[in-house]
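S.K.: Below: one structure in C-alpha coordinates.
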Amino acid sequence: MNFEFLLPTKIVMKKGIRFDTGTHLREQAMAHVLVITDNGIKNAGLLTDIYASLEKSGITHDEYSDVKPNPRDTDCDQIAEQVKGKRIDGILAIGGGSVIDTAKAVSILHTNGGSVNDYEGAFTVKAEPVPIVCIPTTAGTGSEVTFFSVITDTKRKYKMSILDYQIGPKLALLDADLTATLPASIASSTGMDALTHAIEAYTARVANPISDALALHAIKLISENLLEAVHGTVNEQARESMLIGSLIAGAAFGNSDIGSVHCISEAIGGMYDTPHGVANAIFLPYVFKHNIAANVQRHAEIGYALGADRSLSHEAAAQAAVEILFAFSEKVNIPKFRHVKGVNPADFAVLAQNSKNNISDPNNAKEMTVNDYLHILEEAYATE
(Lines give C-alpha, C1' and ligand atoms only; values in the text may rest on other atoms or scores of the structure.)
Protein backbone atom coordinates (compact mmCIF):
# COMPACT_ATOMS: atom_id res chain seq x y z
CA MET A 1 0.00 0.00 0.00
CA ASN A 2 1.32 3.42 -0.97
CA PHE A 3 0.18 6.51 0.90
CA GLU A 4 1.32 9.80 2.40
CA PHE A 5 0.27 11.35 5.70
CA LEU A 6 0.96 14.98 6.60
CA LEU A 7 0.18 16.88 9.79
CA PRO A 8 2.36 20.00 10.00
CA THR A 9 0.23 21.58 12.75
CA LYS A 10 1.54 21.72 16.30
CA ILE A 11 -1.38 20.93 18.61
CA VAL A 12 -1.55 22.11 22.20
CA MET A 13 -4.63 21.32 24.30
CA LYS A 14 -4.84 22.80 27.78
CA LYS A 15 -7.61 24.19 29.91
CA GLY A 16 -7.16 27.95 29.98
CA ILE A 17 -4.57 28.01 27.20
CA ARG A 18 -6.18 31.20 25.89
CA PHE A 19 -4.35 33.03 28.68
CA ASP A 20 -1.04 31.91 27.10
CA THR A 21 -1.85 32.83 23.51
CA GLY A 22 0.75 35.58 23.35
CA THR A 23 3.53 33.28 24.54
CA HIS A 24 2.70 30.73 21.85
CA LEU A 25 2.56 33.38 19.14
CA ARG A 26 5.94 34.74 20.24
CA GLU A 27 7.33 31.22 19.84
CA GLN A 28 6.09 31.42 16.24
CA ALA A 29 8.02 34.71 15.79
CA MET A 30 4.80 36.72 15.45
CA ALA A 31 4.87 40.35 16.60
CA HIS A 32 1.86 41.69 14.67
CA VAL A 33 -1.11 39.51 13.76
CA LEU A 34 -4.41 39.84 11.98
CA VAL A 35 -7.19 38.49 14.20
CA ILE A 36 -10.07 37.00 12.24
CA THR A 37 -13.22 36.09 14.15
CA ASP A 38 -16.99 36.63 14.14
CA ASN A 39 -19.36 38.91 15.99
CA GLY A 40 -20.76 36.09 18.09
CA ILE A 41 -17.31 35.34 19.49
CA LYS A 42 -16.62 39.01 20.10
CA ASN A 43 -19.99 39.72 21.74
CA ALA A 44 -19.61 36.69 24.00
CA GLY A 45 -16.43 38.22 25.42
CA LEU A 46 -14.23 35.33 24.30
CA LEU A 47 -11.58 37.69 22.91
CA THR A 48 -10.92 39.50 26.18
CA ASP A 49 -8.48 37.02 27.73
CA ILE A 50 -6.77 36.37 24.41
CA TYR A 51 -6.21 40.08 23.77
CA ALA A 52 -4.88 40.55 27.29
CA SER A 53 -2.36 37.78 26.60
CA LEU A 54 -1.32 39.38 23.32
CA GLU A 55 -0.77 42.73 25.03
CA LYS A 56 1.24 41.11 27.82
CA SER A 57 3.53 39.56 25.19
CA GLY A 58 3.87 42.83 23.28
CA ILE A 59 1.98 41.56 20.25
CA THR A 60 -0.07 44.09 18.29
CA HIS A 61 -3.00 43.22 16.08
CA ASP A 62 -5.54 44.24 13.49
CA GLU A 63 -9.02 42.76 13.75
CA TYR A 64 -11.76 41.61 11.41
CA SER A 65 -14.78 40.34 13.32
CA ASP A 66 -17.58 40.09 10.77
CA VAL A 67 -17.08 36.58 9.36
CA LYS A 68 -20.40 35.03 8.39
CA PRO A 69 -21.42 31.37 8.23
CA ASN A 70 -20.59 29.83 4.85
CA PRO A 71 -17.86 32.46 4.27
CA ARG A 72 -18.16 34.51 1.11
CA ASP A 73 -15.61 35.32 -1.56
CA THR A 74 -16.48 39.02 -1.36
CA ASP A 75 -15.69 39.16 2.36
CA CYS A 76 -12.36 37.37 1.90
CA ASP A 77 -11.38 39.84 -0.82
CA GLN A 78 -12.49 42.76 1.36
CA ILE A 79 -10.39 41.65 4.34
CA ALA A 80 -7.34 41.18 2.14
CA GLU A 81 -7.81 44.67 0.69
CA GLN A 82 -8.05 46.19 4.19
CA VAL A 83 -4.66 44.81 5.23
CA LYS A 84 -2.96 45.07 1.84
CA GLY A 85 0.58 46.33 2.23
CA LYS A 86 0.60 45.94 6.01
CA ARG A 87 3.13 43.82 7.80
CA ILE A 88 1.29 40.72 9.01
CA ASP A 89 3.46 38.09 10.73
CA GLY A 90 0.56 35.72 11.16
CA ILE A 91 -3.19 35.31 11.22
CA LEU A 92 -4.91 34.35 14.46
CA ALA A 93 -8.23 32.66 13.68
CA ILE A 94 -10.58 32.51 16.67
CA GLY A 95 -13.84 30.72 15.92
CA GLY A 96 -15.35 27.82 14.03
CA GLY A 97 -14.85 26.49 10.55
CA SER A 98 -16.11 29.59 8.77
CA VAL A 99 -13.57 31.77 10.57
CA ILE A 100 -10.70 29.37 9.95
CA ASP A 101 -11.60 28.90 6.28
CA THR A 102 -11.69 32.69 5.90
CA ALA A 103 -8.30 32.97 7.57
CA LYS A 104 -6.86 30.43 5.13
CA ALA A 105 -8.23 32.36 2.17
CA VAL A 106 -6.88 35.68 3.45
CA SER A 107 -3.49 34.11 4.17
CA ILE A 108 -3.27 33.26 0.46
CA LEU A 109 -4.44 36.65 -0.76
CA HIS A 110 -2.05 38.64 1.43
CA THR A 111 1.01 37.17 -0.27
CA ASN A 112 -0.38 36.19 -3.67
CA GLY A 113 -2.87 38.96 -4.47
CA GLY A 114 -5.89 38.70 -6.74
CA SER A 115 -9.30 37.38 -5.72
CA VAL A 116 -9.93 34.24 -3.71
CA ASN A 117 -11.79 32.83 -6.72
CA ASP A 118 -8.46 32.69 -8.55
CA TYR A 119 -7.32 29.85 -6.29
CA GLU A 120 -10.20 27.39 -6.65
CA GLY A 121 -9.01 23.82 -7.00
CA ALA A 122 -5.91 21.96 -5.85
CA PHE A 123 -2.41 23.38 -5.43
CA THR A 124 -2.96 26.68 -7.21
CA VAL A 125 -1.10 28.79 -4.62
CA LYS A 126 2.37 30.03 -5.65
CA ALA A 127 3.78 32.32 -2.95
CA GLU A 128 3.91 31.02 0.62
CA PRO A 129 0.80 32.18 2.53
CA VAL A 130 0.87 33.99 5.86
CA PRO A 131 1.18 31.44 8.72
CA ILE A 132 -2.02 30.70 10.64
CA VAL A 133 -2.67 29.99 14.31
CA CYS A 134 -6.11 28.63 15.22
CA ILE A 135 -8.12 28.74 18.41
CA PRO A 136 -11.26 26.72 17.61
CA THR A 137 -14.42 27.64 19.51
CA THR A 138 -16.60 24.84 18.11
CA ALA A 139 -16.13 21.08 18.02
CA GLY A 140 -17.00 20.43 14.43
CA THR A 141 -14.89 21.19 11.40
CA GLY A 142 -11.38 20.16 12.40
CA SER A 143 -10.23 22.99 10.13
CA GLU A 144 -7.44 23.77 12.58
CA VAL A 145 -5.49 20.80 11.15
CA THR A 146 -6.66 20.61 7.52
CA PHE A 147 -5.39 21.96 4.20
CA PHE A 148 -8.82 22.92 2.83
CA SER A 149 -10.66 26.22 2.62
CA VAL A 150 -14.28 26.16 1.43
CA ILE A 151 -15.57 29.55 0.27
CA THR A 152 -18.92 30.51 -1.27
CA ASP A 153 -18.70 31.95 -4.76
CA THR A 154 -21.54 34.45 -4.43
CA LYS A 155 -22.10 34.86 -8.15
CA ARG A 156 -22.41 31.14 -8.84
CA LYS A 157 -24.04 30.38 -5.47
CA TYR A 158 -21.54 27.58 -5.28
CA LYS A 159 -19.13 26.48 -2.57
CA MET A 160 -15.69 26.22 -4.08
CA SER A 161 -12.80 24.34 -2.49
CA ILE A 162 -9.19 25.39 -2.21
CA LEU A 163 -6.74 22.60 -1.40
CA ASP A 164 -3.12 23.36 -0.65
CA TYR A 165 -0.73 21.99 1.97
CA GLN A 166 0.62 25.52 2.48
CA ILE A 167 -2.61 26.68 4.17
CA GLY A 168 -2.39 24.05 6.89
CA PRO A 169 -2.25 25.99 10.19
CA LYS A 170 1.10 26.08 11.98
CA LEU A 171 -0.41 25.91 15.46
CA ALA A 172 -3.74 24.89 17.00
CA LEU A 173 -4.52 25.92 20.59
CA LEU A 174 -7.41 23.95 22.07
CA ASP A 175 -9.27 25.21 25.13
CA ALA A 176 -12.52 23.39 25.85
CA ASP A 177 -13.64 26.27 28.07
CA LEU A 178 -14.25 28.26 24.89
CA THR A 179 -16.99 25.82 23.86
CA ALA A 180 -18.87 26.17 27.15
CA THR A 181 -21.17 28.92 25.88
CA LEU A 182 -22.08 27.23 22.59
CA PRO A 183 -25.85 27.22 22.01
CA ALA A 184 -27.27 23.70 21.79
CA SER A 185 -28.16 24.23 18.12
CA ILE A 186 -24.53 25.03 17.25
CA ALA A 187 -23.14 22.21 19.40
CA SER A 188 -25.45 19.74 17.65
CA SER A 189 -24.78 20.83 14.08
CA THR A 190 -21.01 21.11 14.55
CA GLY A 191 -20.94 17.77 16.36
CA MET A 192 -22.75 16.09 13.49
CA ASP A 193 -20.33 17.79 11.11
CA ALA A 194 -17.40 16.21 12.97
CA LEU A 195 -19.09 12.81 12.88
CA THR A 196 -19.59 13.16 9.13
CA HIS A 197 -15.90 13.98 8.67
CA ALA A 198 -14.86 10.86 10.55
CA ILE A 199 -17.26 8.56 8.71
CA GLU A 200 -16.42 9.90 5.26
CA ALA A 201 -12.69 9.77 6.02
CA TYR A 202 -13.06 6.05 6.79
CA THR A 203 -15.16 5.22 3.72
CA ALA A 204 -13.32 7.41 1.18
CA ARG A 205 -11.52 5.54 -1.58
CA VAL A 206 -8.21 7.15 -0.66
CA ALA A 207 -8.32 6.18 3.02
CA ASN A 208 -5.06 4.88 4.49
CA PRO A 209 -4.12 2.97 7.66
CA ILE A 210 -3.36 6.11 9.68
CA SER A 211 -6.51 7.96 8.64
CA ASP A 212 -8.48 4.77 9.35
CA ALA A 213 -7.22 4.58 12.92
CA LEU A 214 -7.97 8.24 13.55
CA ALA A 215 -11.40 8.08 11.91
CA LEU A 216 -12.62 5.07 13.89
CA HIS A 217 -11.43 6.58 17.16
CA ALA A 218 -13.12 9.87 16.29
CA ILE A 219 -16.40 8.09 15.48
CA LYS A 220 -16.32 6.40 18.88
CA LEU A 221 -15.43 9.57 20.79
CA ILE A 222 -18.07 11.67 19.06
CA SER A 223 -20.88 9.12 19.22
CA GLU A 224 -20.27 8.56 22.94
CA ASN A 225 -20.18 12.26 23.86
CA LEU A 226 -22.35 14.16 21.37
CA LEU A 227 -25.65 13.97 23.24
CA GLU A 228 -24.10 14.91 26.58
CA ALA A 229 -22.21 17.80 24.97
CA VAL A 230 -25.47 19.10 23.48
CA HIS A 231 -27.98 18.39 26.23
CA GLY A 232 -25.97 17.65 29.37
CA THR A 233 -25.82 19.94 32.38
CA VAL A 234 -22.40 18.78 33.60
CA ASN A 235 -20.73 18.30 30.26
CA GLU A 236 -17.13 19.49 30.58
CA GLN A 237 -15.67 16.04 29.89
CA ALA A 238 -18.02 15.57 26.94
CA ARG A 239 -17.03 18.94 25.48
CA GLU A 240 -13.35 18.08 25.80
CA SER A 241 -13.93 14.74 24.09
CA MET A 242 -15.86 16.42 21.29
CA LEU A 243 -13.07 18.95 20.74
CA ILE A 244 -10.53 16.13 20.50
CA GLY A 245 -12.83 14.04 18.33
CA SER A 246 -13.37 16.93 15.94
CA LEU A 247 -9.64 17.56 15.61
CA ILE A 248 -8.86 13.86 15.09
CA ALA A 249 -11.58 13.63 12.44
CA GLY A 250 -10.03 16.67 10.74
CA ALA A 251 -6.61 15.01 10.67
CA ALA A 252 -8.26 11.89 9.24
CA PHE A 253 -10.19 13.45 6.38
CA GLY A 254 -7.39 15.92 5.70
CA ASN A 255 -5.23 12.94 4.77
CA SER A 256 -8.02 10.87 3.23
CA ASP A 257 -10.98 12.81 1.88
CA ILE A 258 -14.65 13.45 2.43
CA GLY A 259 -17.37 12.20 0.10
CA SER A 260 -20.84 12.66 -1.25
CA VAL A 261 -22.40 13.90 1.99
CA HIS A 262 -20.19 16.96 1.72
CA CYS A 263 -20.72 17.20 -2.02
CA ILE A 264 -24.45 17.60 -1.39
CA SER A 265 -24.18 19.75 1.74
CA GLU A 266 -21.82 22.19 0.05
CA ALA A 267 -24.19 22.46 -2.92
CA ILE A 268 -27.06 23.11 -0.48
CA GLY A 269 -25.03 25.65 1.49
CA GLY A 270 -23.96 27.50 -1.64
CA MET A 271 -27.52 27.86 -2.88
CA TYR A 272 -29.51 28.34 0.34
CA ASP A 273 -26.83 29.46 2.85
CA THR A 274 -27.79 26.44 4.98
CA PRO A 275 -25.52 25.86 8.01
CA HIS A 276 -22.91 23.35 6.92
CA GLY A 277 -23.29 21.00 9.88
CA VAL A 278 -27.07 20.91 9.49
CA ALA A 279 -26.79 19.95 5.81
CA ASN A 280 -24.24 17.25 6.61
CA ALA A 281 -26.41 15.81 9.36
CA ILE A 282 -29.46 15.69 7.08
CA PHE A 283 -27.75 13.77 4.29
CA LEU A 284 -25.35 11.56 6.24
CA PRO A 285 -27.78 8.64 6.75
CA TYR A 286 -29.01 8.71 3.15
CA VAL A 287 -25.55 8.71 1.58
CA PHE A 288 -24.30 6.14 4.09
CA LYS A 289 -27.15 3.80 3.12
CA HIS A 290 -26.46 4.37 -0.57
CA ASN A 291 -22.75 3.58 -0.10
CA ILE A 292 -23.02 0.35 1.91
CA ALA A 293 -22.85 -1.93 -1.11
CA ALA A 294 -19.46 -0.46 -2.07
CA ASN A 295 -17.82 -1.89 1.04
CA VAL A 296 -20.08 -3.67 3.51
CA GLN A 297 -17.29 -4.44 5.97
CA ARG A 298 -16.13 -0.84 6.32
CA HIS A 299 -19.68 0.37 6.85
CA ALA A 300 -20.19 -2.39 9.41
CA GLU A 301 -17.07 -1.31 11.31
CA ILE A 302 -18.54 2.17 11.49
CA GLY A 303 -21.73 0.61 12.83
CA TYR A 304 -19.80 -1.14 15.60
CA ALA A 305 -17.96 2.10 16.44
CA LEU A 306 -21.33 3.85 16.68
CA GLY A 307 -22.49 1.25 19.20
CA ALA A 308 -24.15 -1.46 17.11
CA ASP A 309 -24.15 -4.93 18.66
CA ARG A 310 -20.89 -6.65 17.73
CA SER A 311 -22.68 -9.96 17.38
CA LEU A 312 -24.47 -8.60 14.31
CA SER A 313 -23.36 -9.64 10.85
CA HIS A 314 -21.57 -7.06 8.74
CA GLU A 315 -24.67 -6.41 6.67
CA ALA A 316 -26.87 -6.05 9.77
CA ALA A 317 -24.35 -3.78 11.52
CA ALA A 318 -24.12 -1.52 8.48
CA GLN A 319 -27.90 -1.25 8.32
CA ALA A 320 -28.02 -0.61 12.07
CA ALA A 321 -25.64 2.29 11.54
CA VAL A 322 -28.16 3.95 9.23
CA GLU A 323 -30.78 3.88 11.98
CA ILE A 324 -28.30 5.13 14.57
CA LEU A 325 -27.43 8.10 12.35
CA PHE A 326 -31.09 8.96 11.79
CA ALA A 327 -31.62 8.73 15.57
CA PHE A 328 -28.68 11.02 16.31
CA SER A 329 -30.09 13.70 14.02
CA GLU A 330 -33.48 13.45 15.67
CA LYS A 331 -32.07 13.57 19.19
CA VAL A 332 -30.07 16.74 18.50
CA ASN A 333 -32.99 18.41 16.68
CA ILE A 334 -31.67 18.49 13.13
CA PRO A 335 -34.52 19.62 10.83
CA LYS A 336 -35.87 17.54 7.97
CA PHE A 337 -34.66 18.61 4.53
CA ARG A 338 -38.10 19.83 3.44
CA HIS A 339 -38.11 22.24 6.39
CA VAL A 340 -34.79 23.89 5.53
CA LYS A 341 -35.28 27.54 4.59
CA GLY A 342 -35.46 28.16 0.86
CA VAL A 343 -35.45 24.54 -0.31
CA ASN A 344 -37.24 24.15 -3.63
CA PRO A 345 -37.50 20.87 -5.60
CA ALA A 346 -37.16 22.92 -8.77
CA ASP A 347 -33.51 23.43 -7.80
CA PHE A 348 -32.70 19.74 -7.36
CA ALA A 349 -31.32 19.19 -10.87
CA VAL A 350 -28.84 22.03 -10.40
CA LEU A 351 -27.98 20.85 -6.88
CA ALA A 352 -27.34 17.34 -8.18
CA GLN A 353 -25.01 18.65 -10.89
CA ASN A 354 -23.19 20.90 -8.42
CA SER A 355 -22.77 17.92 -6.11
CA LYS A 356 -21.26 15.90 -8.92
CA ASN A 357 -18.89 18.78 -9.73
CA ASN A 358 -17.50 18.85 -6.18
CA ILE A 359 -13.77 18.20 -5.85
CA SER A 360 -14.42 15.28 -3.47
CA ASP A 361 -16.96 13.42 -5.62
CA PRO A 362 -14.38 11.02 -7.14
CA ASN A 363 -13.37 9.74 -3.70
CA ASN A 364 -16.83 8.82 -2.43
CA ALA A 365 -17.04 5.16 -1.42
CA LYS A 366 -19.36 4.40 -4.33
CA GLU A 367 -19.24 5.98 -7.76
CA MET A 368 -21.99 8.57 -8.03
CA THR A 369 -23.93 9.80 -11.03
CA VAL A 370 -25.92 13.01 -11.25
CA ASN A 371 -29.04 10.84 -11.06
CA ASP A 372 -27.76 9.24 -7.85
CA TYR A 373 -27.43 12.66 -6.29
CA LEU A 374 -30.86 13.62 -7.57
CA HIS A 375 -32.39 10.47 -6.08
CA ILE A 376 -30.85 11.18 -2.65
CA LEU A 377 -32.11 14.76 -2.72
CA GLU A 378 -35.62 13.56 -3.60
CA GLU A 379 -35.56 10.81 -0.99
CA ALA A 380 -34.51 13.22 1.75
CA TYR A 381 -37.14 15.77 0.69
CA ALA A 382 -39.86 13.11 0.79
CA THR A 383 -39.10 12.30 4.43
CA GLU A 384 -41.66 13.88 6.74
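The values are calculated or read from the model by the stated rules, or taken from the named source; none is laboratory data. Note that the structure is predicted; figures quoted are calculated from it, not measured. Neighbour counts run over all protein chains shown; Cβ positions are idealised from the backbone, glycine included. Surface areas here come from the heavy atoms of the whole protein model, side chains and all, with no ligands, DNA or RNA. Shrake-Rupley method; radii C 1.70, N 1.55, O 1.52, S 1.80 Å.
S.K.: Any chance you could give the angle, 0 to 90 degrees and rounded to 10, that helix 276-291 forms with the longest Cα principal axis of the chain?
M.R.: Compared with the principal axis, the helix lies near 30 degrees.
S.K.: Please give the residues of the range 235-267, grouped as numeric ranges, whose backbone N is less than 16 Å from a label point set 7 Å along the Cα-to-Cβ vector of Ile11.
M.R.: 239-257
S.K.: Taking the simple approach of a point 7 Å from Cα along Cα-to-Cβ for both Lys336 and Ala382, what is their distance in nm?
M.R.: 1.3
S.K.: Follow-up question, since we're still on this one. Can you tell me the equivalent ellipsoid semi-axes for the range 10-179? Use √(5λ) from the Cα gyration tensor, largest first, whole Å.
M.R.: Values: eigenvalues 116, 55, 43 Å².
The equivalent ellipsoid of the range 10-179 has semi-axes of 24, 17, 15 Å.
S.K.: Per residue of the range 61-77, in order, report the coupling 6.51 cos²θ - 1.76 cosθ + 1.60 (Karplus, θ = phi - 60°) as ³J(HN,Hα) in whole Hz, putting x for Gly and Pro.
M.R.: With the stated coefficients, the range 61-77 comes to 8, 9, 9, 10, 10, 10, 5, 9, x, 6, x, 9, 4, 4, 5, 4, 5 Hz.
S.K.: Which aspartates and glutamates, if any, have their Cα less than 17 Å from the Cα of Lys10, not counting same-chain residues under 8 positions apart?
M.R.: Excluding near neighbours in sequence, the set is Asp20, Glu27, Glu144, Asp175.
S.K.: Same structure, new question: How far, in degrees from 0 to 90, does helix 97-112 lean away from the longest principal axis of the Cα atoms of the chain, to the nearest 10?
M.R.: Roughly 50 degrees between the two axes.
S.K.: Would you mind checking which residues have amide H under 5 Å from Gly307's amide H? H placed 1.01 Å from N; only 5 or more apart, or other chain.
M.R.: none
S.K.: Explain nothing, just compute: Karplus ³J(HN,Hα) = 6.51 cos²θ - 1.76 cosθ + 1.60, θ = phi - 60°, for every residue of the range 22-36 in order, whole Hz, x for Gly and Pro.
M.R.: x, 4, 5, 5, 4, 5, 8, 6, 9, 10, 9, 10, 9, 8, 10
S.K.: Less than 15 Å apart at the alpha-carbon level, and either on another chain or at least 8 residues along: which aspartates and glutamates does that give for Lys289?
M.R.: Glu200, Glu301, Glu315, Glu323, Glu367, Asp372, Glu378, Glu379
S.K.: Still on this structure, I have one more. Specify, per residue and in Å³, the volume enclosed by the convex hull of the alpha carbon atoms belonging to the chain. Please report the intermediate quantities before stating the final value.
M.R.: Details: hull volume 48.4 nm³, N = 384.
Measuring per residue, one finds 126 Å³ for the Cα hull of the chain.
S.K.: How large a share of the accessible area of the chain, in percent, is made up of carbon and sulfur atoms when the probe is 1.4 Å and the other protein chains stay in place? Spell out each step's value before the answer.
M.R.: Values: 7770 of 15020 Å².
Answer for the chain: carbon and sulfur cover 52 percent of the accessible area.
S.K.: May I pose another question? Among 272-282, 220-230, what's the highest-first ranking by average C-beta atoms within 10 angstrom per residue? Write out the running numbers ahead of the final one.
M.R.: Values: 272-282: 24.8, 220-230: 22.1.
Order by mean packing, descending: 272-282, 220-230.
S.K.: Provide the packing ranking of 94-107, 67-80, i.e. peptides ordered by the mean count of other C-beta atoms within 10 Å per residue, highest first. It would help to have the intermediate numbers written out before the result.
M.R.: Details: 94-107: 29.4, 67-80: 20.6.
Highest-to-lowest ranking by the protection proxy: 94-107, 67-80.
S.K.: Can you check what the net charge comes to around Gln28, using other residues whose Cβ is under 11 Å from the Cβ of Gln28 (Lys, Arg +1; Asp, Glu -1)?
M.R.: Working: positive: Lys10, Arg26, Lys170; negative: Glu27, Asp89.
Once all neighbours under 11 Å are counted, the net charge is +1.
S.K.: Also, I was wondering about something else. Taking the Cβ of Tyr304 as the centre, find all other residues whose Cβ is under 10 Å away and add up their charges (Lys, Arg: +1; Asp, Glu: -1). Walk me through the numbers before you get to the answer.
M.R.: Details: positive: Lys220, Arg310; negative: Glu301, Asp309.
Value of the local net charge: 0.
S.K.: Ok, one more. At a Cα cut-off below 17 Å, give the lysines reachable from Lys15, other chains included and same-chain residues fewer than 8 away excluded.
M.R.: Candidates past the 8-residue exclusion: nothing left.
S.K.: For Arg72, what residues show an amide H to amide H distance below 5 Å, using hydrogens built from the backbone and excluding near sequence neighbours?
M.R.: Under 5 Å from the amide H of Arg72: Thr152.
S.K.: For a 26 Å ceiling on Cα separation, which of these pairs sit above it: Lys42/Lys220; Lys86/Lys157; Lys220/Lys331?
M.R.: Details: Lys42/Lys220 33 Å; Lys86/Lys157 31 Å; Lys220/Lys331 17 Å.
Check vs 26 Å cut-off fails for Lys42/Lys220; Lys86/Lys157.
S.K.: Provide the packing ranking of 31-44, 163-176, 247-260, 50-63, i.e. peptides ordered by the mean count of other C-beta atoms within 10 Å per residue, highest first. Walk me through the numbers on the way to the answer.
M.R.: Numbers: 31-44: 19.6, 163-176: 21.4, 247-260: 27.7, 50-63: 16.4.
The densest-packed peptide leads the list: 247-260, 163-176, 31-44, 50-63.
S.K.: What net charge do the residues around Thr48 carry, taking every other residue with its C-beta under 14 Å from that of Thr48, with Lys and Arg at +1 and Asp and Glu at -1?
M.R.: Numbers: positive: Arg18, Lys42, Lys56; negative: Asp49, Glu55, Glu63, Asp175, Asp177.
Once all neighbours under 14 Å are counted, the net charge is -2.
S.K.: Still on this structure: So what are the radius of gyration and Dmax for the Cα set of the range 184-382, in Å?
M.R.: Both quantities, over Cα of the range 184-382: 15.6, 46 Å.
S.K.: For the chain, find the longest principal axis of its Cα atoms and tell me its angle to the long axis of helix 370-382, 0 to 90°, nearest 10.
M.R.: 80
S.K.: Would you mind computing, in nm to one decimal, how far apart the modelled labels at Glu27 and Glu224 are, each placed 7 Å from Cα along Cα→Cβ?
M.R.: Inter-label distance under the simple model: 2.8 nm.
S.K.: I would also like to ask the following. Provide the per-residue ³J(HN,Hα) series for the range 160-172, in order, calculated from phi with Karplus coefficients 6.51, -1.76, 1.60 and θ = phi - 60°, each as a whole number of Hz, with x at glycine and proline positions.
M.R.: Going residue by residue, I get 9, 10, 10, 10, 6, 4, 5, 9, x, x, 7, 8, 10 Hz, with x marking Gly and Pro.
S.K.: Using modelled backbone amide H atoms (1.01 Å from N, in-plane), which distant-in-sequence or interchain residues come within less than 5 Å of His61's amide H?
M.R.: For His61, the qualifying residues are Val33.
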